[in-house]
Amino acid sequence: MTQSPLTTAKSRQYFARATQVLPGGVNSPVRSCQAVGVDPIMIDRADAAYLWDVDNNRYIDWVGSWGALILGHRHPRVLEAVEVGLRYGTSFGAPCLPEVELAELICHVMPAVEMVRMVNSGTEATMSAIRLARAYTKRSSIIKFDGCYHGHADSFLIKAGSGLATLGISSSPGVPAELTRLTISLPFNSLPAVEQAFKKHADEIAAIIVEPVVGNAGLILPAPGYLEGLRALATKYGALLIFDEVMTGFRVAYGGAQALYNIKPDLTCLGKIIGGGLPVGAYGGRKEIMEMVAPSGPVYQAGTLSGNPLAMRAGLAQLKSLQNPQTYGELSRNTQRLADGLKEIADKATIPLTVSSITGMITLFFAKSPVDDFSAAQKADTALFSKFWQGLLCRGIYWPPSQFESAFVSLVHSKADIDDTLTAAEESIAACCE
Ligand SMILES: *Cc1c(COP(=O)(O)O)cnc(C)c1O
């Protein structure tokens, strides 16, 4: 790599301290930048589409807190909601109006969600959703898909995406084999694989859980008819269909992937965007199923900080700010402009690049062929990705530090931000070819 023009002395110093007291120096693996061969920069502050590190370098941020910040950092309406919330109190441990308002908004926007339970993370949402599905169907097994990530609960750490794919550990030690046996992981985009599993394990499968648009193996789109097929198979075999829309909810469309593809899942998991940058998650669905959750039913699930008033207020402010009818058209056009520009640059340099994109999300796979499942994603050239990523970083572009993640376009990325990113990408690709 050419010498970075950035000074990152303080980042290096603080990160060295971090590694003494935090495993790998981080509180979530993919932040570590291990996969792209560098130490992470330490962030000091952020505003709109930008991050500043502790050495005062500015970066255009294409991570956006992993998708949560669709309005960018410190959006005035979100900040104001949190400031007001602070004056009312940070946590009550008792019911409050903001949690009702956020639940009402979600149920209104997603017709498949008739009732919802707020939790503190996407992980909590998915692990609670499968507990509920198991209770409702009185069955124990679940189907998931290779490369999908549903948080870090035991049942999902089997051929999982995100940080596990990045670190090449796609399944985790510490998960009991007894539990692993209950998770069937199948290739994404193959309906025959799902039908076969149902035939083999009739009456055992409680649910199919899927990222309807996969964002955690890098971005992988569902083939035409695939989600419809999952819906039909779940119904046919008496299993629930769970859409994990922690990433795609309020991003690929206001109503999420279920609105975009017009599919009604039985349960939906949410997180990220619905918290406006504060810790949040939620799971919801048909009333008849959700009424099994305690205290209206016997399926136990609780949380000291669940429905936290600050998180609810931040989420509400963010979701209301997205209601402008221009929002998703603009987000889609910006994503497309970035995707087209990057593809053009790679083509000019004759570097094999598959650009995968959908409204608000984009992955650059350094691969020749289209990427329609995890095994295709794994064929991408991760060494080239690392070089390219380092080239971006030293030019002030903060791209997700993994081949197996999606970048997130926000509503505050300007045309200039996109142009600056394309210029940096062109230079970085040229440096990679040297
Ligand atoms: C981020 C993510 C999760 C986990 O959410 P956390 O808040 O990190 O626990 C689950 N599912 C999907 C699809 C995600 O993108």
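The values are calculated or read from the model by the stated rules, or taken from the named source; none is laboratory data. Predicted model only: the values in this text are computed from it and were never measured. Cβ coordinates were reconstructed from backbone atoms using ideal geometry, including for glycine residues, and neighbour counts include every protein chain displayed. Each accessible area value is taken on the protein alone, full model and side chains, heavy atoms only, with ligands, DNA and RNA left out. Shrake-Rupley method; radii C 1.70, N 1.55, O 1.52, S 1.80 Å.
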Inset, instruction - Would you mind classifying the stretch 1-44 by shape? Square roots of the alpha carbon gyration tensor eigenvalues, ordered a ≥ b ≥ c; an a/c under 1.5 is rounded, otherwise it is prolate if a/b is larger than b/c and oblate if not. - result: oblate
Inset, instruction - Please compute the net charge surrounding Glu211, taking Lys and Arg as +1 and Asp and Glu as -1 over other residues with Cβ under 11 Å from its Cβ. - result: -1
Inset, instruction - When a/c is below 1.5 the answer is rounded, else prolate if a/b is larger than b/c, else oblate, so apply that to the stretch 76-321 with a ≥ b ≥ c taken from the square roots of the Cα gyration tensor eigenvalues. - result: prolate
Legend entry - Mean residue ellipticity (222 nm) of the chain, computed from DSSP H runs ≥ 4 via -39,500 (n - 2.57), nearest 500: -11500 deg cm²/dmol
Inset, instruction - For the chain, give the magnitude of the charge dipole about the Cα centre (Cβ charges: +1 Lys/Arg, -1 Asp/Glu; no others), in debye to the nearest 20. - result: 540
Inset, instruction - Return the single residue from Met247, Met312, Met292 with maximal mean-square fluctuation; model: Gaussian network over the chain, springs between Cα atoms under 10 Å. - result: Met292
Legend entry - Stretchable slack from Ile43 to Phe92, in nm (0.36 nm times residue separation minus alpha-carbon distance): 14.6 nm
Inset, instruction - Could you go through the stretch 256-268 in sequence order and give the Karplus-derived ³J(HN,Hα) for each residue, using 6.51 cos²θ - 1.76 cosθ + 1.60 with θ = phi - 60°, rounded to whole Hz, and x for Gly and Pro? - result: x, 5, 5, 6, 4, 9, 6, 10, 9, x, 7, 10, 10
Legend entry - Length-normalised contact order of the chain in % [C-alpha pairs under 8 Å, at least 6 apart]: 22
Inset, instruction - Would you mind checking which residues have amide H under 5 Å from Gly281's amide H? H placed 1.01 Å from N; only 5 or more apart, or other chain. - result: Val119, Asn120, Ser121
Inset, instruction - Whenever you get a sec, compute what percent of the accessible area on the chain sits on carbon and sulfur atoms (1.4 Å probe). - result: 53
Inset, instruction - Pick out which of Thr359, Thr183, Thr350 has the largest mean-square fluctuation in a Gaussian network model of the chain, springs linking Cα atoms closer than 10 Å. - result: Thr350
Inset, instruction - Taking the chain as the reference, fit the longest principal axis to its C-alpha atoms, fit the long axis of helix 97-109 to the helix C-alpha atoms, and give the angle between the two in degrees, 0 to 90, nearest 10. - result: 90
Inset, instruction - Can you work out the accessible area per residue across the chain, with the rest of the protein chains kept in place, probe 1.4 Å, in square angstrom? - result: 42
Legend entry - Ordering of 204-216, 231-243 by burial proxy (mean other Cβ atoms within 10 Å per residue, highest first): 204-216, 231-243
Inset, instruction - Would you kindly derive the ³J(HN,Hα) couplings of the stretch 78-91 from the backbone phi angles with the Karplus curve 6.51 cos²θ - 1.76 cosθ + 1.60 (θ = phi - 60°), listing them in order in whole Hz, with x for Gly and Pro? - result: 6, 4, 5, 4, 5, 4, 4, x, 4, 6, 8, x, 8, 6
Inset, instruction - Return the percentage of antiparallel bridges among DSSP beta bridges fully within the stretch 76-321, rounded to the nearest 5 %. - result: 40
Inset, instruction - Beyond 23 Å between alpha-carbons counts as too far, so tell me which of Lys144/Lys199; Lys368/Lys415; Lys320/Lys343 fall in that bin. - result: Lys368/Lys415; Lys320/Lys343
Inset, instruction - For an R0 of 51 angstrom, estimate the FRET efficiency from the Cβ-Cβ distance between Lys343 and Lys287 and round to the nearest 0.05. - result: 0.70
Legend entry - Contour excess over end-to-end distance, with Cα ends at Glu80 and Gln20 and 0.36 nm allotted per residue: 17.9 nm
Legend entry - Diffusion constant of the chain at 10 °C, which comes from Stokes-Einstein with the Kirkwood Cα-pair radius and 1.306 mPa s, µm²/s: 72
Legend entry - Phi to ³J(HN,Hα) by Karplus 6.51 cos²θ - 1.76 cosθ + 1.60 over the stretch 172-183, Hz, x for Gly, Pro: 10, x, x, 8, x, 4, 4, 7, 4, 4, 8, 10
Inset, instruction - Quick one: grab the alpha carbon gyration tensor of the stretch 205-342, order the square roots of its eigenvalues as a ≥ b ≥ c, and give me rounded if a/c is under 1.5, else prolate or oblate depending on whether a/b is larger than b/c. - result: oblate
Legend entry - Cut-off under 5 Å, modelled amide H: who pairs with Val214 long-range: Ile220
Inset, instruction - Using only Cα atoms, tell me the angle between helix 309-321 and the longest principal axis of the chain; keep it within 0 to 90° and round to the nearest 10. - result: 70
Inset, instruction - For the chain, with a Gaussian network of springs between Cα atoms less than 10 Å apart, report the residue from Ala253, Ala202, Ala48 with the top mean-square fluctuation. - result: Ala202
Legend entry - Cβ-defined net charge surrounding Cys148, 10 Å radius [Lys, Arg +1; Asp, Glu -1]: -1
Inset, instruction - Can you grab the distance from the C-alpha centre of the stretch 1-77 to the C-alpha centre of the stretch 312-384, Å, no decimals? - result: 21
Inset, instruction - Between Cys107 and Glu434, take the C-beta separation as r, use R0 = 35 Å, and let me know the FRET efficiency to the nearest 0.05. - result: 0.05
Legend entry - For Ala103, net neighbour charge (Lys/Arg +1, Asp/Glu -1) across residues whose Cβ lies under 11 Å away: -3
